[in-house]
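The values are calculated or read from the model by the stated rules, or taken from the named source; none is laboratory data. As the structure is a prediction and not an experimental result, all values here were calculated from the model. Every residue, glycine among them, receives a Cβ derived from its backbone with ideal geometry; neighbour counts consider all protein chains shown. All accessible areas refer to the heavy atoms of the entire protein, side chains included, with ligands and DNA or RNA removed. Shrake-Rupley method; radii C 1.70, N 1.55, O 1.52, S 1.80 Å.
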2 protein chains.
Amino acid sequence: MRDGSLDRFLAPAAIAIIGASPDSARIRGRLLHLLRENGYSGKLYPVNPSYPEIAGVPCFPSVGAIGQPVDLALIAIPAETVLPALEDCAAAGVGHAVIISSGFAEQGGAQTGLQHEIAALARRTGLRVCGPNAEGFHNDVAHVAATFSPAVEVKPGEQRLEASPRRVGVVAQSGGMGFALYNRGRALGLAFSSIVSTGNEADLTASEFFAHLAQDRATSVILLFLESVRDPAVFLAAAAAAAERGKPVIGVKIGRSAAGERAARSHTASMAGWNAAYDAVFAEHGIIRADDPDEAVAIAAAFATAPTAQGPRVAVVTASGGAGAWAADVLAGAGLMLPELSPELQQAIQAFIPAYGSARNPVDITAQAVLTGGLLRAAELLSDSAEIDAVLVVVSLASEKRMAIDIAALKALVARQAKPLLFYSYTLPSSLAKKALAEAGLTIHTDLGAVAQAMAALVRRGGYARPRPIARSSGRAPIRAALERVGGALSEYDAKQLLAEAGIAMPPHRLVTDAAGLDAAVEELGFPLALKIQSPDIPHKTEVGGVRLGIADTAALRQGYRDMLAELRRRRPDARLQGVLLQPMAPPGVEVILGTIRDPGFGPLMMIGAGGVMTELFRDVVYRLAPVDVDGARRMLGELHIARLLEGFRGAPPVDIEALAALVAQLSQFAAEHRDLVQEVELNPVIVHRAGAGCTIVDALLTIARAGGEDGNRRR
Amino acid sequence: MRDGSLDRFLAPAAIAIIGASPDSARIRGRLLHLLRENGYSGKLYPVNPSYPEIAGVPCFPSVGAIGQPVDLALIAIPAETVLPALEDCAAAGVGHAVIISSGFAEQGGAQTGLQHEIAALARRTGLRVCGPNAEGFHNDVAHVAATFSPAVEVKPGEQRLEASPRRVGVVAQSGGMGFALYNRGRALGLAFSSIVSTGNEADLTASEFFAHLAQDRATSVILLFLESVRDPAVFLAAAAAAAERGKPVIGVKIGRSAAGERAARSHTASMAGWNAAYDAVFAEHGIIRADDPDEAVAIAAAFATAPTAQGPRVAVVTASGGAGAWAADVLAGAGLMLPELSPELQQAIQAFIPAYGSARNPVDITAQAVLTGGLLRAAELLSDSAEIDAVLVVVSLASEKRMAIDIAALKALVARQAKPLLFYSYTLPSSLAKKALAEAGLTIHTDLGAVAQAMAALVRRGGYARPRPIARSSGRAPIRAALERVGGALSEYDAKQLLAEAGIAMPPHRLVTDAAGLDAAVEELGFPLALKIQSPDIPHKTEVGGVRLGIADTAALRQGYRDMLAELRRRRPDARLQGVLLQPMAPPGVEVILGTIRDPGFGPLMMIGAGGVMTELFRDVVYRLAPVDVDGARRMLGELHIARLLEGFRGAPPVDIEALAALVAQLSQFAAEHRDLVQEVELNPVIVHRAGAGCTIVDALLTIARAGGEDGNRRR
């Protein structure tokens, strides 16, 4: 970010509208109208040489002709005329511009060049530019509707709900979606600070607006809609700033399905896809991922109206057995727990509900007890109980005539809430009910899947701990020198040598380059043995018959060695032969895959996956930004589906999670320390033995980039 | 079903309201009001000795006093007075009753007895009873609002949308949820036939109403909300009838999270839980499962307005790049394909969209092309193309002022649609837009996750084939006799003998009862061998050191045999020893688990799961009603996550799917044929070798019930 603050951008004292028109059916005609309709109180200067005034406001032939300070120019003119208009703005000392016009990089060809010129102008003149191809922004606090979005149209007689003073700020790389989230959030009763559409980001980026909202006092919750982050370093700093302030961030990252199409050379990279880095960044900074618009808005509403949860134990309170049971299923499906209540708590609830109700959890107070205030009594008892971390009230709020809940009492309960209290209506709620609950400080959720995700988000956020800074080690000279000497994909043997030099414990192994060396190797290693061909030209050893396992005696060893070399000569006469690697067969254990890859934007990522086919078949894989420390590694392991396998599954003893976590930390630190050189590491499989017995790195791949290559240094 | 038809129940010519009251704040006071308000045209007889008339309608002291034929009695009086009232009804020749009153089996204790008396009365008198604890029903075709649900309240000035003449019928074991689905469906623009709340089902069951809707001409789509099916045979017949008529059924089965709490003796049974049978039944009859209310309604709307899809290839047409990309991600997440369009099709679309749009898929026609009719032109081109099976239009329909789509043209397109065409609005749609699209024959979806599930449902339904009837084999006398001789859990050896007798190919094995028998066994089987202890008292052999694998020579065999017996004597001196089973080590392959379990209601189920830990860790398991034929078995295998593993994963050769499918069919037929005897079978693991090489049943469990035990015969 070149500029310290975007306050003036979002709350300008004077706005010029370049291309203003009296025709409100056109985009450029709607800007003036929407600004005024939404109560903009600063100065407005339409700019269009064709009109002396528009809608009673004096119109200027150019920005230069205004002769007064202008903070923001909204530009809605044909693409070809945008650059001169920006020059005028810069000359007139305008601080910021939003280019609404389309037809730049999104069109490709020569128009991309035009966009580059805009970027160059911004750099040269200091004029900060949002867009092009942007939908503008809306500052709902300062009443600046600098957009043509229909979402800011003022609807006569519309009743505006604000369930909470905690405002939501939105940064969106799609104006349509950004304002749609505003539209949906408003309907739910959320208050917003600013919604910003960033368009093609010739100059100002989503990350910069994110950074602004992270420190903006008016914004309590941040919603990001991302297609691609252009400036990872700025994004990471913004995420860290939001995390530091305890400001919840909900992140939508689209383009996930396209990831599968990306061809990638090796297994780890192909699993990573484009989104692994985002998953890693989101996890590191506690950004909550939302998978559809209802989820995004429901999670925002939960953060705006409720505290985070201190654990996963949810109680459901309902007046409909069926709806309560369904809610329980969906909550459990989202990973939450619904413990049966203690006899004491059940007794306390049974005291005020009919005999045909249930106090077990779901707590079915029955329709009758709703009329006598049972809903709030139950919610209050549960909120006050140490058995429960959060409460979901499941009711029908469809009636436009009756409101069975005492709103004053609910308001008091909400005001002192220390645990999440969310309301879900299984019928579509009436405006009467929405208004009443908003007065009490609550929104009414209507999407059961989404409210379950929102509840899960409150739990995850409650358990989120910012990672401690990890001390960078000194960067040992010998290993750096060794890494600098090589390049490309190394043989397994070379990879193991280098990783061992970096301090990563490798199992015993010997490279044998002629049959005469076999005996000495056996003397050192013993039987049973694995035999593996070593050649920089053979990344997939099994495909040339280059792996033999479980060799039990000398005869088999000699035979295997001869056969393997013969097979190689037959299949790949061109391949350079380094030798044959001998390695003792590893004792049994749980197989995992460890790896690091280098994201072009976010730098090195640490990856852990379930071993064998499970990583790919079940997508059982977790990513983090490297480095991670041992605690972070342990948390990563805990997120795998196979965590239960590591902890001792179906009577099996637990494996050496400590050794595995230490290895993960070590490997991630190696990748982070030498991020300019280490392109990719894959340890596959790593066999984790029973507790105390460590792990065995069975195979290792290491790919070294040319020094200074790509953009591995970006994060430093 | 004792009665052939429920027509008269759902469309009565005369209704008595027992417990009618002028106080419309009370449930029993609302019945008369809601019936009249919704335009009931038959005769209404309030029954209450306290009033001469209610709201201008003459009131009777008892049903007997009416002196006119009554088709239906609605009963809303205290639980204790219900039984005499029913006696009166029966005496007066009333055909049907709905008991609205609560306080019966749901309360437990003595009240359960009261409910049993109601059931007995129904059986004795022929009076068919719905409830107790029911919310009544609403027949929206015949205008019979026989319920107190607020969902049928008539809202003055409310505009009622009917996007399609295909009506949805609802049967719900929770009145709250049944009417909530009606409430939500109405808001979307769906038309309904009847919504029935079945309450405690003392007499009439959800299955009976399901059977009614399956043959009801007014009902085109059926929505079921189920807690527990009381009469599996009736349910299965209804499902088969609906499938035969090609009537889509959407099934919600709640209580899934409670399944985990059920303790079960063996692995297969514990995986099955309560819901395996429902999953199997749903799969067999093409019932589409819905996981939350939005999904249920969205899927119903899709079936009501669109044909099924002939394949999974979906095109997204949008005016917002961001919203379109998000939709593509969510559709892909639901298992659908979004192929890039052919150059020809892209060119045809590019002809009418701006250069900054995209025709690849998602097709982003841009906001500008919406104004020139591009949305429909693109939708039409895609619908007519052989490249695409379904189209999702993603637009913003929030405006109350403008409707950018030519509704007449859309109506024509919908009228001739041969492929699904669904509309999703990323902003909340205006009533203007809802009305306009309903006129064209469409609903506007607002939940992206739900519309993706709806699209997937249209695809699944398009590919659904009713299973062919499977010829029952003759029930070979020798194996039946053998099964009848045993009982309880058999040893592996006994299980294998019996299964082999039933025609299931077992790998070579020998039972050895003293050390002297080892040599003969080796002569027959060769090395390497597995050694397994055999005792009816030891279901988990590994826990007593009772399994040794990979025994390679005679010395190891003798040692292993001795050690195993010593270990058994030490750990379980009480266990009856049958001997030690010797079996050659199986060649490598893909491991799976096969099993059958007997659901108390639905009878024997066939189960296939991924081998080893994957079944449980990743819930990679599929169930069907037994028997299945080879085609059905192949489809089951195709539904496993590990299907890719069977088909040859990452360069591995495909395995013998044909042999596996044949084994599945054989095992399922064994379980079905002897459903009264075979309680459970578990073949775990089964190793499937490369194509042509068959599979090896490594271990087998077989549990036999006492003849005639439980209710295994129910389905016959």
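Only Cα pairs under 8 Å and 6+ residues apart enter the sum, and on that basis the relative contact order of region A:404-538 stands at 17 percent.
This model, with +1 at the C-beta of Lys and Arg and -1 at the C-beta of Asp and Glu, gives chain A a dipole about its Cα centre of some 520 debye.
When all protein chains stay in place and ligands, DNA and RNA are ignored, the 1.4 Å accessible-area order of A:382, B:44, largest first, is B:44, A:382. Residues of region B:174-219 whose accessible area (probe 1.4 Å, heavy atoms of protein chains only) drops by at least 40 Å² once all protein chains are present, relative to their chain alone: B:177, B:183, B:184. Stretching residue B:513 away from residue B:402 to a fully extended chain increases their span by 31.2 nm, per 0.36 nm per residue minus the current alpha-carbon distance. Just so you know, the Rg over Rh for region A:571-671 is 1.06, from Cα atoms, with Rh as the Kirkwood radius. Quick one: Debye curve from the alpha-carbon atoms of region B:148-210 only, equal weights, vacuum; give me log10 I(q)/I(0) at q = 0.17, 0.28 Å⁻¹ to two decimals. For region B:148-210, the Cα-only Debye profile gives -0.61, -1.23. Treating each Cα of region B:612-674 as an identical point scatterer and summing with the Debye formula, the log10 of I(q)/I(0) at q = 0.25 Å⁻¹ comes to -1.09. Here the simple spin-label model places points 7 Å from the Cα toward Cβ, and for residue B:342 and residue B:50 these points are separated by 7.5 nm. Counting every alpha-carbon pair across region A:306-462, the share separated by more than 24 Å comes to 23%. For the residue pairs B:401/B:434; B:411/B:434; A:155/A:253; B:247/B:435; A:401/B:435, alpha carbon separations beyond 23 Å are given by A:155/A:253; B:247/B:435; A:401/B:435.
For residue B:53, the point set 7 Å out from Cα toward Cβ sits 6.9 nm from its twins in the other copies, listed from shortest up. Look at the stretch B:612-624: the mean tally of other chain Cβ atoms within 10 Å of its residues' Cβ atoms is 4. Normalised by 2.2 N^0.38 Å, where N counts its residues, the alpha-carbon radius of gyration of the protein assembly as shown equals 1.01. For region B:345-433, a Kirkwood radius taken over Cα pairs fed into Stokes-Einstein (20 °C, viscosity 1.002 mPa s) yields D = 159 µm²/s. When B:167, A:8, B:570 are compared by accessible area at a 1.4 angstrom probe, the order from most to least is B:570, A:8, B:167. Ranking A:198, B:446 from most to least accessible surface, computed with a 1.4 Å probe over the protein chains only, gives B:446, A:198.
Taking every residue in B:323-334 and counting other chain Cβ atoms within 10 Å of its Cβ, the average works out to 6. Between the listed residues B:606, B:533, B:286, the Cα displaced farthest toward the positive end of the dipole of chain B, a dipole computed from Cβ unit charges relative to the Cα centre, is found at B:286. Taking Cα atoms only, the orientation of helix B:110-125 departs from the longest principal axis of chain B by about 80 degrees. Other residues within the sphere of radius under 12 Å centred on the Cβ of residue B:24, judged by their own Cβ, net out at +3 (K and R +1, D and E -1). With no solvent and one equal point scatterer per Cα, compute the Debye intensity ratio I(q)/I(0) for region B:69-108 at 0.21, 0.30, 0.32 Å⁻¹ and report its log10, rounded to two decimals. One equal scatterer on each Cα of region B:69-108 leads to -0.62, -1.02, -1.10.
Across the copies of the chain, residue A:573 has label points (7 Å from Cα along Cα→Cβ) spaced 7.3 nm apart, shortest distance listed first. Candidates A:33, A:90, A:45 compared by Cα position along the dipole of region A:1-143: farthest toward the positive end lies A:90, with charges placed on Cβ. With the convex hull drawn over the C-alpha atoms of region A:1-156, the volume per residue is 112 Å³. What sits nearest the axis between copies A and B, counting only chain A Cβ atoms, is the residue and whole-Å distance A:618, 2.
What separates the residue B:37 label point from its copies, with the point 7 Å along Cα to Cβ, is 3.6 nm, written shortest first. Note on residue A:698: accessible area approximately 30 square angstrom, rounded to 10, probe 1.4 Å, nucleic acids and ligands left out. Normalised by the number of residues in region A:159-305, the mean separation of alpha-carbon contacts (under 8 Å, six or more apart) gives a relative contact order of 26 percent. Based on the convex hull around the alpha carbon atoms, region A:573-615 presents an average projected area of 6.1 nm². Taking 7 Å steps out from each Cα toward its Cβ at residue A:351 and residue A:154 produces label points 5.3 nm apart. The lysines whose alpha-carbon is closer than 27 Å to the alpha-carbon of residue A:532, local same-chain residues fewer than 8 away aside, are A:496, A:541. Treating r as the C-beta distance of residue B:233 and residue B:575 and R0 as 45 Å, the FRET efficiency rounds to 0.60. For chain A, the alpha-carbon radius of gyration amounts to 1.15 times the rule-of-thumb value 2.2 N^0.38 Å expected for a compact globular protein. A Förster radius of 45 Å combined with the Cβ-Cβ distance from residue A:555 to residue B:658 puts the calculated FRET efficiency at roughly 0.70. Within 10 Å of the Cβ of each residue in B:142-150, the mean number of Cβ atoms contributed by other protein chains is 1. A Cα-only calculation for region A:159-305 places Rg and Dmax at 15.3, 56 Å. Shown is the FRET efficiency for residue A:547 and residue B:644, computed with R0 = 25 Å from the Cβ-Cβ distance and rounded to the nearest 0.05: 0.65. Accessible surface for residue A:537 stands near 40 Å², nearest 10, in the context of the full protein assembly shown (1.4 Å probe). With the simple spin-label model, which puts each label point 7 Å out from Cα in the Cβ direction, the residue A:65 to residue A:691 separation comes to 8.2 nm. Ranking B:159, A:643, B:316 by Cα position along the charge dipole of the protein assembly as shown, where only Lys, Arg, Asp and Glu carry charges on their C-beta atoms, puts B:159 farthest toward the positive end.
Ligands, DNA and RNA aside, residue A:59 has an accessible area near 20 Å² when probed at 1.4 Å. Interface A-B: total buried accessible area of about 5200 Å², 1.4 Å probe, protein heavy atoms only. Summed over the residues of the protein assembly as shown and divided among them, the accessible surface reaches 37 Å² per residue at a probe radius of 1.4 Å. Remark: the residue A:36-residue A:415 segment gains 132.9 nm on full extension, using 0.36 nm per residue and subtracting the alpha carbon distance.
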